[in-house]
Amino acid sequence: GAGVSQSPRYKVAKRGQDVALRCDPISGHVSLFWYQQALGQGPEFLTYFQNEAQLDKSGLPSDRFFAERPEGSVSTLKIQRTQQEDSAVYLCASSASGVYAANTGELFFGEGSRLTVL
Amino acid sequence: AQKVTQAQTEISVVEKEDVTLDCVYETRDTTYYLFWYKQPPSGELVFLIRRNSFDEQNEISGRYSWNFQKSTSSFNFTITASQVVDSAVYFCALRSNTGNQFYFGTGTSLTVIP
């Protein structure tokens, strides 16, 4: 597609359930980021992929969070045993440039997946 | 440490007024990149502008202009003759040349009143 696509747009989960959020980046984009945005806050970094390699997962809040990008395109963010504090909008972004690129490009964001944990 | 501060939480202006959104950043890197993004009610962040740390030339693009001052670590954004469609949350962001994270401020919510 022309832009970054995320699904589902909205997800309601009961506490303790596992959820999976999908991101389809812009075709050919090397870099893929996941961000978490709480209500009224700016996006907070979760993890970064360059192609299929997860180069940075320092922002993942706990070992309940797991992300993968096995073929270097589509990525999935999985949250196990969801807690109420996991409620947020999860944003995926892609970029044509990779780490240490000479001219760092901008991020292209999807519309996000809004997760509500009851 | 990398940090972006947007001290203005909410701003309201009447249509056609000019408005400036403030951004102050912290970084120890000598090469870095600064960005402004717009987040309308639909939720998707939209890229507006990128500035490299080694390019302090300010620019005007239509109704938008940017003022980058390394001496004060500021990267302010001005909308001239504001319109209702400018109503959104605006985020300033920083990325270093040696890292992969974008650091976002907490955003400034702009409301343009018709």
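Data table
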item: Residue in the stretch B:94-110 that is touching a residue at least 40 places away in the same chain (Cβ under 8 Å), aliphatic (A, V, I, L, M), more than 15 Å from B:Asp29 (Cα to Cα) and within 11 Å of chain A (Cβ to nearest Cβ) present; result: no
item: Test: A:Phe49 is of a type in the set (A, V, I, L, M, F, W, C), without any contact (Cβ under 8 Å) to a residue 40 or more places away in the chain and under 18 Å from A:Val89 (Cβ atoms); result: no
item: Single unsatisfied condition, B:Pro40 versus (1) surrounded by fewer than 19 Cβ atoms within 10 Å (Cβ to Cβ); (2) at negative phi; (3) away from chain A (no Cβ under 11 Å); (4) not polar (S, T, N, Q); result: (3)
item: Unmet criterion (only one of (1) out of contact with any Ser or Thr (no Cβ under 7 Å at 6 or more places or on another chain); (2) closer than 18 Å to B:Gln8 by Cα; (3) aliphatic (A, V, I, L, M)) for B:Leu48; result: (2)
item: Among residues of the stretch A:61-85, those that are among the basic types (Lys, Arg) and either over 20 Å from A:Gly110 (Cβ atoms) or free of Cβ contacts under 8 Å to residues at least 12 places away in the same chain (or both), counted; result: 2
item: In the stretch B:73-114, the residues that are of a type in the set (A, V, I, L, M) and buried (at least 16 other Cβ atoms within 10 Å of the Cβ); result: B:Ile79, B:Ala88, B:Val89, B:Ala93, B:Leu94, B:Leu110, B:Val112
item: Strands (runs of 3 or more DSSP E) contained in the stretch A:10-118 and holding at least 2 residues aromatic (Phe, Trp, Tyr), out of contact with any Cys (no Cβ under 9 Å at 6 or more places or on another chain) and within 11 Å of another protein chain (Cβ to nearest Cβ); result: A:44-50
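For every residue, the table says whether it meets (1) basic (Lys, Arg); (2) within 27 Å of B:Val84 (Cβ to Cβ).
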position	(1), (2)
B:Ala1	no, no
B:Gln6	no, yes
B:Glu10	no, yes
B:Lys16	yes, yes
B:Thr20	no, yes
B:Thr31	no, no
B:Ser42	no, yes
B:Phe47	no, yes
B:Asn52	no, no
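Per-residue answers, yes or no, for (1) in contact with a Gly (Cβ under 8 Å, 6 or more places away or on another chain); (2) over 17 Å from A:Arg9 (Cα atoms); (3) basic (Lys, Arg); (4) at pLDDT 95 or above:
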position	(1), (2), (3), (4)
A:Gln41	yes, yes, no, no
A:Gly59	no, yes, no, no
A:Phe65	no, yes, no, yes
A:Leu77	no, no, no, yes
A:Ser87	no, no, no, yes
A:Cys92	yes, no, no, yes
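The values are calculated or read from the model by the stated rules, or taken from the named source; none is laboratory data. Because the structure is predicted, anything quoted here is derived from the model rather than measured. Because the Cβ atoms are built from the backbone with ideal geometry, glycine has one as well, and the counts that use them run over all protein chains shown.
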